[in-house]
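See structure below.
The values are calculated or read from the model by the stated rules, or taken from the named source; none is laboratory data. Note that the coordinates shown come from a computational prediction; the quantities given were computed from them, not determined experimentally. A quick note on method: Cβ atoms are made from the backbone with ideal geometry, for glycine too, and the neighbour counts reach across all protein chains shown.
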């Protein structure tokens, strides 16, 4: 399959700031926000209306409206030891929140998030996981249609799951949503369904593989709702990939496969628009997996490497998180204060 990887510089100045990126079917629009304190170094979730106008976003510590203001009752999200430590940068958890429309209630949106724990705190062993899956409800009809937080930090499930790695797939009925989470260690996947009754555990699937103390990473569904992949760090010295078939009608998973990368560090995943190809970023390398192969991870193709150009006097760029955009391109973060994004055409 042909591909093209480019690096796009999104800012010509060296001031530390944020970029508001709006996608259309054919292009992107960039807006630099100089004087807005976002605190979005790790967790970043947002949702727009049907016209693409920003409604809500969050850094895992606060819920903001479209004018970059904290909503009423929108502070003290994810109250925990980690939240206190992260007050200046936002909650330090990649993919730590997603925001979904609440089924059957047009003006309401549900923020789904989890808390990061390190146990025991007194030991040098970094075993990070989550114990609680939480929800925070926003009603956009309140506060002059700018949004108000109705309730926050409501626990809907407690178990040791992989922290972060939150993503969702629309149900085949076009109304509800599926959310899958792996257990931190062992052979289980938890399937949650968001329907008019709220977010609830749908089923626990046993796996024919064993997860070895998974850390945070990136989880993705293909656009067709037939594949699910989770690519995450292990707490030792490698990355783990879980790849399976998915049924967006029933939430069922099947044909579970496992892969391991020998390096620890940056990781990202994204499916191509037609769902056939899965891309994995490992910091210094970019791989392409063909879903038509019997064992895609074993037959993966190395398609690019990062020359690790300097992004500041003390750090280098990495191939990290990825996102398939409405224009059919996949954008790749370079991390480490970089002013660039990678693009797979």
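For segment 75-97, the criterion of a residue being at pLDDT 80 or above and either surrounded by fewer than 18 Cβ atoms within 10 Å (Cβ to Cβ) or farther than 27 Å from residue 160 by Cβ (or both) is satisfied by at least one position. If I filter segment 30-39 for residues that are surrounded by 16 or more Cβ atoms within 10 Å (Cβ to Cβ) and either at pLDDT 70 or above or over 20 Å from the mean Cα position of the chain (by Cα) (or both), do I get at least one hit? Yes, the conditions are met somewhere in segment 30-39. Of all residues in segment 240-249, one or more are more than 30 Å from residue 173 (Cβ to Cβ) and surrounded by 15 or more Cβ atoms within 10 Å (Cβ to Cβ).
For every residue, the table says whether it meets (1) loosely packed, with under 13 Cβ neighbours inside 10 Å; (2) out of contact with any helix residue (DSSP H, G or I) (no Cβ under 9 Å at 6 or more places or on another chain); (3) at pLDDT below 95; (4) assigned to a loop (DSSP other than H, G, I, E, B).
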position: 111; (1), (2), (3), (4): no, yes, no, no
position: 120; (1), (2), (3), (4): yes, yes, yes, yes
position: 123; (1), (2), (3), (4): yes, yes, yes, yes
position: 126; (1), (2), (3), (4): yes, yes, yes, yes
position: 130; (1), (2), (3), (4): no, yes, yes, no
position: 137; (1), (2), (3), (4): no, yes, no, no
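Has segment 303-318 got any residue that is outside any strand (DSSP E or B) and within 17 Å of residue 220 (Cβ to Cβ)? No, every residue in segment 303-318 fails to be outside any strand (DSSP E or B) and within 17 Å of residue 220 (Cβ to Cβ). Considering segment 181-256, the qualifying strands (runs of 3 or more DSSP E), each wholly inside and each with 3 or more residues that are modelled with pLDDT of 95 or more, run over 186-195, 198-211, 227-234, 239-246.
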